[in-house]
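Q: Okay, handing you the structure first.
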Amino acid sequence: MQFHNLQALQGSINMPNELETQLKLKLDELNQYSTRRKLEYGIFSSQLDLLYNDIRDGYFGENAKEGSWYKKITEIKSNYPKPDIVALKVEIEELIKQVDVAKMYRPEE
């Protein structure tokens, strides 16, 4: 973006704030899936209980995919899929650069 175009935009929008909002949303996207998964997984003792019951009921090997623990974990992972971490990090780095450039050319407040 050329400098004169950047100045024209500054009059109509608050570019750094808008970019910072986009940056925050990307950071949330990066971290949100794991936070939600952890909440859904519950405490370890609940998972261990599910595993114990599956073992007791004979769910081993390929048959383990029919057990309650496997089904619960698979459902959680399906509900909160892992994003493309590499692509998100590239987007975040680009937004950080844009925020830095926009702040350099921000008119004095």
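Q: From the list LEU19, LEU95, LEU88, LEU50, which residue is in a helix (DSSP H, G or I) and under 12 Å from the mean Cα position of the chain (by Cα)?
A: Matching residue, one of LEU19, LEU95, LEU88, LEU50: LEU88.
Q: Which residue pairs have Cβ atoms under 6 Å apart, sit 6 or more places apart or on different chains, and have a first residue in region 82-104 that is touching a residue at least 60 places away in the same chain (Cβ under 8 Å) and a second that is assigned to a loop (DSSP other than H, G, I, E, B) and loosely packed, with under 12 Cβ neighbours inside 10 Å?
A: Nothing qualifies.
Q: Can you tell me which residue is modelled with the lowest pLDDT among those in region 73-105 that are among the aliphatic types (A, V, I, L, M) and loosely packed, with under 13 Cβ neighbours inside 10 Å?
A: Checked region 73-105; the qualifying residue modelled with the lowest pLDDT is MET104.
Q: Return a yes/no flag: does region 15-22 have any residue that is at pLDDT 85 or above, of a type outside the set (D, E, K, R) and closer than 30 Å to GLU94 by Cα.
A: Yes, some residue in region 15-22 is at pLDDT 85 or above, of a type outside the set (D, E, K, R) and closer than 30 Å to GLU94 by Cα.
Q: Determine if region 62-72 includes at least one residue that is at pLDDT below 95, among the acidic types (Asp, Glu), within 15 Å of the chain's Cα centre (by Cα) and surrounded by fewer than 13 Cβ atoms within 10 Å (Cβ to Cβ).
A: no
Q: Any idea how many residues of region 42-72 are of a type in the set (Asp, Glu) and in contact with a Phe, Trp or Tyr (Cβ under 7 Å, 6 or more places away or on another chain)?
A: Number of matching residues: 2.
The values are calculated or read from the model by the stated rules, or taken from the named source; none is laboratory data. Keep in mind that what you see is a predicted model, and the values were worked out from it rather than measured. Positions of Cβ are generated from backbone atoms using ideal geometry, with glycine treated the same way; all protein chains shown enter the neighbour counts.
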